[in-house]
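Take a look at the structure below.
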Amino acid sequence: MGATRIDGNACGAAVEASLAERIATLPTPPHLAVVIVGNDPASHVYVGAKERACARLGIRSTRIDIDADADYAEVVSTVERLNADPEVNGILVQSPLPSGMDEIAITDLIDPVKDVDGFHAQNLGRLVQGDASGLLPCTPAGVMQMLDWANVDLSGKRAVVIGRSRIVGMPQSFLLAQRGADATVTIAHSRTSDMAALCREADVIIAAVGRSNMVTSDWVKPGATVIDVGVNRVDDDSERGYHLTGDVHPDVGEVAGALSPVPGGVGPMTIAMLMSNTVRATEMQQ
Ligand code: NAP
């Protein structure tokens, strides 16, 4: 691979080291509550990784398991109880919720100063107003941190974000275009025509789609920076029965100037930024 590897584990470790210094100055350690509804295996893996990150940093974590067939009212009352608990600084309701439960309504029930996922309308609204100093969605904030860590100059550069979701693509686009980052951003999605030509003009491509190896080397301008947000489970004959791929084909590494790997790229950064939001929420509350 010719491209520089943008290592999310190394960047995440740097974020954690700076958080440890801030945590040491707090009167009481941050406390994160994670609510998990149902038995989605991937969700349990993600929550486990978040709990391990808390343990590494001395952040107290409490996990609340709710049965998949529980009433919606039980999820609501759990969030309300955590909002009212002065010992809880951050609340995260793990996505996806069982079908029939309104994720956006639950998100908007969380007290905005405890909204460590950064998905509450008030926190997303501040970002749209041009204020990125609050609790930001973890994955797009992690991508920004990686770009900064890798010294990628965004000012005046053309960025294409593939994906327009509430949790990744849309906030990512706002962060890239905000004052200070100053990229010129195009948001692409499933209705975009001639994606390859669009991407070939980009200095920076952020792929957040969920389609294995979609971005191929002929889509990428030589020297461009490519961040792969995608996580796709591909079945194989291994003992585990699957492996993970990104949205970016590995051959892109022959053309790009810098590329983040999957796994070991955006994934660890998402967790590092969750820890960062938990510390920031605690600082705001204390
Ligand atoms: P999502 O809500 O399903 O959104 C996917 C987006 O991709 C949509 O905007 C969709 O367009 C667009 N899209 C679908 N097919 C396309 C195509 N053929 N061409 C162009 N655009 C297309 O997914 P998400 O939650 O944003 O997540 C995206 C990926 O990132 C997934 O693989 C997810 O697992 C991964 N992810 C990783 C992390 C991490 O920490 N590493 C965190 C979050 C998500 P429409 O809007 O037109 O449907």
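The values are calculated or read from the model by the stated rules, or taken from the named source; none is laboratory data. As the structure is a prediction and not an experimental result, all values here were calculated from the model. Glycine also receives a Cβ, built like all others from the backbone with ideal geometry; neighbour counts cover every protein chain displayed. Side chains included, ligands, DNA and RNA excluded: accessible areas come from the protein's heavy atoms. Shrake-Rupley method; radii C 1.70, N 1.55, O 1.52, S 1.80 Å.
Surface exposure of segment 137-267, expressed per residue as accessible area with a 1.4 Å probe, stands at 46 Å². Note on the chain: GNM, Cα springs under 10 Å; of 115, 228, 153, the largest mean-square fluctuation is that of 153. The apolar share of the surface of the chain, taken as the fraction of accessible area on carbon and sulfur atoms (1.4 Å probe, ligands and nucleic acids excluded), comes to 50 percent. As a ratio to 2.2 N^0.38 Å, the alpha-carbon radius of gyration for segment 4-111 is 1.20. Listed by number, the DSSP H helices of the chain that run 20 Å or longer by alpha-carbon position along their axis and have mean Kyte hydropathy of at least -0.5 are 8-24, 41-57, 266-285.
Excluding residue 47 itself, calculate the net charge of residues whose Cβ lies under 14 Å from the Cβ of residue 47, where each Lys or Arg counts +1 and each Asp or Glu counts -1.
On the way: positive: 50, 52, 63; negative: 40, 51, 65, 117.
Taking every other residue near residue 47 into account, the sum is -1.
A Gaussian network model of the chain, with springs between Cα atoms under 10 Å, assigns the largest mean-square fluctuation among 222, 30, 137 to 222.
For the chain, the calculated P(r), taken from all Cα-Cα distances in 5 Å bins from zero up to the bin holding the longest distance, is 1, 6, 12, 16, 18, 16, 14, 9, 5, 2, 0 percent.
For segment 137-267, give me the percentage of DSSP beta bridges that are antiparallel, rounded to the nearest 5 percent.
On the way: 4 of 20 bridges.
Restricted to segment 137-267, the bridges split so that about 20 percent are antiparallel.
With protein chains left intact and a 1.4 Å probe, residues in segment 26-113 average 49 Å² of accessible area per residue.
Site pair residue 165 and residue 5 shows an inter-label distance of 2.5 nm when each label is modelled 7 Å from Cα along Cα→Cβ.
Defining a contact as two alpha carbons under 8 Å apart and six or more residues distant in sequence, what relative contact order in percent does the chain show?
After rounding, I find 24 percent.
Place a +1 charge on the Cβ of each Lys and Arg in the chain and a -1 charge on the Cβ of each Asp and Glu, then give the dipole magnitude about the Cα centre in debye, rounded to the nearest 20. Let's see the in-between values first.
Numbers: 22 positive and 36 negative charges, 151 e Å.
The dipole of the chain has a size of about 720 debye.
The gain in end-to-end length when the residue 211 to residue 67 segment is fully stretched comes to 48.8 nm, 0.36 nm per residue minus the alpha carbon separation. The average projected area of segment 135-286, computed from the convex hull of its Cα atoms over all directions, is 10.1 nm².
Projecting label points 7 angstrom from Cα along Cα→Cβ for residue 55 and residue 191 puts them 4.7 nm apart. Computed from the Cα positions only, the extents of segment 57-164 along the three principal axes stand at 49, 33, 25 Å, in decreasing order.
Computed over neighbours whose Cβ is under 15 Å from that of residue 138, the net charge equals +1, Lys and Arg +1, Asp and Glu -1. Quick check: Cα centre of segment 72-104 to Cα centre of segment 115-139, how many Å? Distance between centres, Cα-based: 18 Å. Need the list of lysines near residue 114 for cross-linking: C-alpha distance under 21 angstrom, and skip anything on the same chain fewer than eight residues off. Filter leaves 50. Straight Cα distances below 17 angstrom link residue 221 to the lysines 157, with same-chain residues fewer than 8 positions distant left out. Please report the spacing between the Cα centers of segment 152-220 and segment 231-255 in Å, no decimals. Result: 21 Å between the Cα centres.
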